[in-house]
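Encoded as C-alpha coordinates, the structure appears first; notes follow it.
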Amino acid sequence: MLMLAALALAAPPQASPPRVEEDIVIIGQRVRKVKFRIKSDKAGRTVCRIKRSSGDAEIDGLACEAARGCIASRSESAMVACLTPKMNQIPEQIAARRRMRIEHAPN
(Lines give C-alpha, C1' and ligand atoms only; values in the text may rest on other atoms or scores of the structure.)
Protein backbone atom coordinates (compact mmCIF):
# COMPACT_ATOMS: atom_id res chain seq x y z
CA MET A 1 0.00 0.00 0.00
CA LEU A 2 2.80 2.41 0.88
CA MET A 3 4.56 1.38 -2.30
CA LEU A 4 1.55 2.46 -4.39
CA ALA A 5 1.37 5.79 -2.58
CA ALA A 6 5.07 6.36 -3.16
CA LEU A 7 4.70 5.53 -6.86
CA ALA A 8 1.77 7.91 -7.18
CA LEU A 9 3.80 10.70 -5.61
CA ALA A 10 6.78 9.94 -7.82
CA ALA A 11 4.77 10.01 -11.06
CA PRO A 12 5.39 13.09 -13.17
CA PRO A 13 2.56 15.61 -13.04
CA GLN A 14 0.19 15.63 -15.99
CA ALA A 15 0.76 18.51 -18.37
CA SER A 16 -1.98 21.08 -18.29
CA PRO A 17 -3.97 21.48 -21.51
CA PRO A 18 -2.74 24.09 -23.95
CA ARG A 19 -4.24 27.51 -23.49
CA VAL A 20 -6.27 27.53 -26.67
CA GLU A 21 -7.74 30.98 -26.16
CA GLU A 22 -4.31 32.58 -25.98
CA ASP A 23 -3.35 30.74 -29.17
CA ILE A 24 -6.06 32.53 -31.19
CA VAL A 25 -3.77 35.53 -31.66
CA ILE A 26 -0.95 33.28 -32.88
CA ILE A 27 -3.32 31.39 -35.18
CA GLY A 28 -4.50 34.72 -36.61
CA GLN A 29 -0.92 35.70 -37.34
CA ARG A 30 -0.33 32.40 -39.11
CA VAL A 31 -3.53 32.79 -41.17
CA ARG A 32 -2.17 36.09 -42.50
CA LYS A 33 1.02 34.29 -43.65
CA VAL A 34 -0.80 31.85 -45.94
CA LYS A 35 -0.45 32.49 -49.65
CA PHE A 36 -2.24 30.27 -52.11
CA ARG A 37 -3.29 30.02 -55.71
CA ILE A 38 -6.74 28.79 -56.61
CA LYS A 39 -8.15 28.02 -60.00
CA SER A 40 -10.69 25.85 -61.76
CA ASP A 41 -9.43 23.44 -64.37
CA LYS A 42 -11.23 22.65 -67.65
CA ALA A 43 -13.06 19.76 -66.00
CA GLY A 44 -14.50 22.17 -63.42
CA ARG A 45 -12.39 20.91 -60.52
CA THR A 46 -11.09 23.51 -58.13
CA VAL A 47 -7.40 23.30 -57.37
CA CYS A 48 -5.83 25.11 -54.43
CA ARG A 49 -2.07 25.16 -54.15
CA ILE A 50 -0.35 26.57 -51.07
CA LYS A 51 2.42 28.94 -52.15
CA ARG A 52 3.49 29.95 -48.64
CA SER A 53 2.41 27.78 -45.73
CA SER A 54 1.36 29.07 -42.36
CA GLY A 55 3.37 26.24 -40.84
CA ASP A 56 0.15 24.55 -39.74
CA ALA A 57 -1.55 22.10 -42.10
CA GLU A 58 -4.93 22.70 -40.45
CA ILE A 59 -4.73 26.45 -41.15
CA ASP A 60 -3.58 25.85 -44.73
CA GLY A 61 -6.44 23.41 -45.31
CA LEU A 62 -9.06 25.80 -43.97
CA ALA A 63 -7.64 28.64 -46.09
CA CYS A 64 -8.00 26.51 -49.23
CA GLU A 65 -11.48 25.43 -48.16
CA ALA A 66 -12.48 29.08 -47.74
CA ALA A 67 -11.02 29.95 -51.14
CA ARG A 68 -12.89 27.09 -52.81
CA GLY A 69 -16.10 28.53 -51.43
CA CYS A 70 -15.33 31.85 -53.10
CA ILE A 71 -14.06 30.60 -56.47
CA ALA A 72 -17.30 31.66 -58.20
CA SER A 73 -16.33 35.28 -57.46
CA ARG A 74 -14.88 36.32 -60.81
CA SER A 75 -13.45 39.73 -59.98
CA GLU A 76 -10.63 40.30 -57.52
CA SER A 77 -12.75 42.65 -55.40
CA ALA A 78 -15.57 40.09 -55.24
CA MET A 79 -13.08 37.37 -54.26
CA VAL A 80 -11.65 39.56 -51.48
CA ALA A 81 -15.16 40.44 -50.26
CA CYS A 82 -16.08 36.75 -50.14
CA LEU A 83 -12.80 35.48 -48.70
CA THR A 84 -12.03 38.06 -46.00
CA PRO A 85 -14.77 37.10 -43.52
CA LYS A 86 -14.05 33.41 -44.02
CA MET A 87 -10.34 33.88 -43.37
CA ASN A 88 -11.14 35.96 -40.30
CA GLN A 89 -13.18 33.05 -38.88
CA ILE A 90 -10.34 30.52 -39.16
CA PRO A 91 -8.66 31.30 -35.79
CA GLU A 92 -11.89 30.70 -33.87
CA GLN A 93 -12.69 27.58 -35.92
CA ILE A 94 -9.32 26.09 -35.07
CA ALA A 95 -9.57 27.11 -31.42
CA ALA A 96 -13.00 25.42 -31.21
CA ARG A 97 -11.62 22.23 -32.79
CA ARG A 98 -8.69 22.21 -30.38
CA ARG A 99 -10.98 22.75 -27.38
CA MET A 100 -13.04 19.75 -28.52
CA ARG A 101 -9.92 17.61 -28.86
CA ILE A 102 -8.81 18.58 -25.35
CA GLU A 103 -12.25 17.92 -23.87
CA HIS A 104 -12.52 14.51 -25.53
CA ALA A 105 -8.94 13.40 -25.04
CA PRO A 106 -8.50 10.25 -22.95
CA ASN A 107 -7.20 10.97 -19.47
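Considering 71, 102, which residue is touching a residue at least 60 places away in the same chain (Cβ under 8 Å) and β-branched (Val, Ile, Thr)? Write out each step before concluding.
Working: 71 fails: touching a residue at least 60 places away in the same chain (Cβ under 8 Å).
Checking each option against the conditions leaves just 102.
Sub-8 Å Cβ pairs linking a first residue in region 83-96 that is free of Cβ contacts under 8 Å to residues at least 60 places away in the same chain to a second residue that is open to solvent by 40 Å² or more (accessible area, probe 1.4 Å), at least 6 apart or interchain, are 86/69, ordered by first then second residue.
The values are calculated or read from the model by the stated rules, or taken from the named source; none is laboratory data. All figures in this text were calculated on a predicted structure; none of them were measured in a lab. For neighbour counting, all protein chains shown are included, and Cβ atoms are generated from backbone atoms with ideal geometry for every residue, glycine included. For accessibility, only protein heavy atoms count, side chains too; no ligands or nucleic acids. Shrake-Rupley method; radii C 1.70, N 1.55, O 1.52, S 1.80 Å.
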